[in-house]
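Step one of this worksheet: look at the structure below.
Only the coordinates and a few stated rules stand behind these numbers; no lab work does. For clarity, every value in this text was computed on a predicted model and none was experimentally measured. Note that we place each Cβ from the backbone using ideal geometry, even for glycine, and neighbour counts take in every protein chain shown.
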Amino acid sequence: MMGLAALLPLLLAGCGDDTVFAKPVIYLYPEQETEVSVQLDYDGELTCTYPAYEDGWSVTAQPDGTLTDEDGKQYSYLFWEGETDVEYDMSRGFVVKGSDTAEFLQEKLSYLGLTPREYNEFIVYWLPKMQDHPYNLIAFQQEAYTDSAALTISPQPDSILRVFMAYQPLEQPVEIEEQALAPFAREGFAVVEWGGTEIR
């Protein structure tokens with residue numbers, strides 16, 4: 001089993017010089033039908049958004065999360081993808097066998113506060129990209145992500161959860177300090193976001 005010091009050159013090779021892709025989705029859950037605007041201040045270049053992000057998103061949100069734009073089109077969430085050279089914090093995390101990825105993600109995402117619908121959509125997206133690696137080093141990002149992709153939401157949410165996973169494929173396990181996670185409590189108008197990136 002490799003130590004973190006031996007792994008750092010590999011991690012840093014993928015954190016600064018190469019483009020890192022982020023693929024978050026944003027769910028809006030007001031307590032009653034509400035007109036919501038969302039602005040994203042991203043330290044990078046947006047490469048894809050759905051619905052289209054022009055000067056922001058403006059939608060009518062229902063308590064069940066259904067979003068309707070001004071043309072009457074409905075969406076389950078707001079999606080964006082971008083390129084950035086932000087360096088993510090991989091100093092603490094979890095080393096997980098590729099074959100154990102689904103079980104790990106279900107356990108941790110549920111603990112963090114995602115609903116079955118939300119964590120299943122997360123897993124369906126990321127599992128095919130992760131399960132065939134011998135191991136993955138997984139670290140859920142905090143300030144490194146939120147500082148580089150700031151959200152301004154009006155009206156202001158009562159609670160917000162932003163789950164962003166960075167992972168590094170590994171050929172063999174490494175020793176690393178386990179990351180401490182804190183559960184999320186939904187209150188009032190809740191906003192939930194999940195996304196992730198592969199550190200190459």
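At-a-glance table
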read-out: Relative contact order of region 127-181, pairs being alpha-carbon contacts under 8 Å that are 6 or more residues apart, as %; value: 54
read-out: Candidate lysines for bridging to LYS97, where Cα separation is under 18 Å - those fewer than 8 sequence places away on the same chain excluded; value: LYS108, LYS129
read-out: Peptide ranges 82-88, 129-135 listed from the most packed, as the mean C-beta count within 10 angstrom indicates; value: 82-88, 129-135
read-out: Per-pair calculated FRET efficiency, R0 = 35 Å: GLU178 and LEU46 via Cβ, rounded to 0.05; value: 0.55
read-out: Total formal charge among the other residues, if their Cβ is under 9 angstrom from that of VAL86, Lys/Arg +1 and Asp/Glu -1; value: -4
read-out: Dipole-positive endmost among PHE189, PRO128, GLN172 within region 111-200 (Cβ charges, Cα centre); value: PHE189
read-out: Peptides ranked, highest mean first, by Cβ atoms within 10 Å: ranges 162-171, 45-54; value: 162-171, 45-54
read-out: Debye log10 I(q)/I(0) for region 59-140, one point scatterer per Cα, at q = 0.14, 0.27 Å⁻¹; value: -0.66, -1.29
read-out: Listed residues LEU78, LEU127, LEU28, most fluctuating in the chain (Gaussian network, C-alpha, under 10 Å); value: LEU127
read-out: Net length gained if the chain between SER159 and LEU127 were fully extended (0.36 nm per residue, minus Cα distance); value: 8.8 nm
read-out: Segment PHE94-LYS73, length gained on full extension (0.36 nm per residue, minus Cα span); value: 3.6 nm
read-out: Residue-averaged [θ]222 nm for the chain, counting only DSSP H segments that reach four residues, each worth -39500 (n - 2.57); value: -6500 deg cm²/dmol
read-out: Candidate lysines for bridging to LYS73, where Cα separation is under 27 Å - those fewer than 8 sequence places away on the same chain excluded; value: LYS23
read-out: Kyte-Doolittle mean at least 0.0 and Cα axial length at least 27 Å: DSSP H helices in the chain; value: none
read-out: Cα-Cα pairs of region 62-200 separated by more than 25 Å (percent); value: 30
